[in-house]
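Working notes for the structure below.
The values are calculated or read from the model by the stated rules, or taken from the named source; none is laboratory data. Just so we're clear, the structure is a prediction, and the values are computed from it rather than from any experiment. When we count neighbours, we look across all protein chains shown, and the Cβ atoms used for this are built from the backbone with ideal geometry, even at glycine. All accessible areas refer to the heavy atoms of the entire protein, side chains included, with ligands and DNA or RNA removed. Shrake-Rupley method; radii C 1.70, N 1.55, O 1.52, S 1.80 Å.
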Amino acid sequence: MKKRLEDYTEEEWENICTRCGKCCLLKLEDEDSGKIFYTDIVCRYFDSEKCCCTVYNQRSNLVPECLKLTPDNVDKISWMPDSCAYRRLVEKRPPAPFKSIRGRCVSQEQVPEEKWEDHIVDWDDL
């Protein structure tokens with residue numbers, strides 16, 4: 001019998017994450033269609049060498065649009081990458097082959113917001 005989402009401890013839940021960094025990519029939404037586009041731009045607090053957030057415990061305060069994934073909300077966040085370990089767990093699918101964004105992204109501090117559309121990517125492993 002598989003473990004129910006609500007039975008995961010906080011530590012177990014955090015350990016599901018593979019630290020691929022894909023959820024830290026900035027996303028753009030088409031206002032007309034609602035379609036989400038991923039960019040190769042990451043949050044200013046993302047450490048691209050370690051592939052993790054440098055302010056993880058304060059991230060929601062420093063970046064209000066940064067969501068804390070929980071067993072209660074992970075299935076409601078449509079922009080989560082298809083390969084996300086949390087998403088695949090909720091959808092009862094096997095883990096995806098691991099691929100990270102390490103070496104494929106640029107910090108939002110290096111790209112003016114008016115240039116974000118120029119950074120839309122179509123990576124097969126999102």
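Out of ARG4, ARG44, ARG87, I need the residue that is in contact (Cβ under 8 Å) with a residue 12 or more places away in the chain and open to solvent by 90 Å² or more (accessible area, probe 1.4 Å). Which one?
The unique qualifying residue is ARG44.
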Residues that are outside any helix (DSSP H, G or I) and either surrounded by 17 or more Cβ atoms within 10 Å (Cβ to Cβ) or of a type in the set (Ser, Thr, Tyr) (or both), drawn from the range 12-26: THR18, CYS20, GLY21, LEU25, LEU26
Neighbours by Cβ (under 9 Å, 6+ apart or cross-chain): first from the range 20-31, hydroxyl-bearing (Ser, Thr, Tyr) and at pLDDT 95 or above; second crowded, with 20+ Cβ neighbours inside 10 Å and in a helix (DSSP H, G or I): none
Residue that is farthest from ASP124 (Cα to Cα), among those in the range 60-79 that are touching a helix residue (DSSP H, G or I) at 6+ places or on another chain (Cβ under 7 Å) and open to solvent by less than 80 Å² (accessible area, probe 1.4 Å): PRO71
Residue satisfying all of: in the range 47-59; exposed (fewer than 15 other Cβ atoms within 10 Å of the Cβ) and either touching a residue at least 60 places away in the same chain (Cβ under 8 Å) or more than 14 Å from the chain's Cα centre (by Cα) (or both); nearest to HIS119 (Cα to Cα) among these: GLU49
Every pair of residues 6+ apart whose Cβ atoms lie under 6 Å, when the first sits in the range 67-83 and is hydrophobic (A, V, I, L, M, F, W, C) while the second is open to solvent by 40 Å² or more (accessible area, probe 1.4 Å) and not in a loop (DSSP other than H, G, I, E, B): TRP79/LYS27; TRP79/ILE36; MET80/ARG87
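With ASP82, ASP118, ASP122 as the choices, which residue is in contact with a Lys or Arg (Cβ under 9 Å, 6 or more places away or on another chain), open to solvent by 40 Å² or more (accessible area, probe 1.4 Å) and acidic (Asp, Glu)?
Answer to the selection: ASP82.
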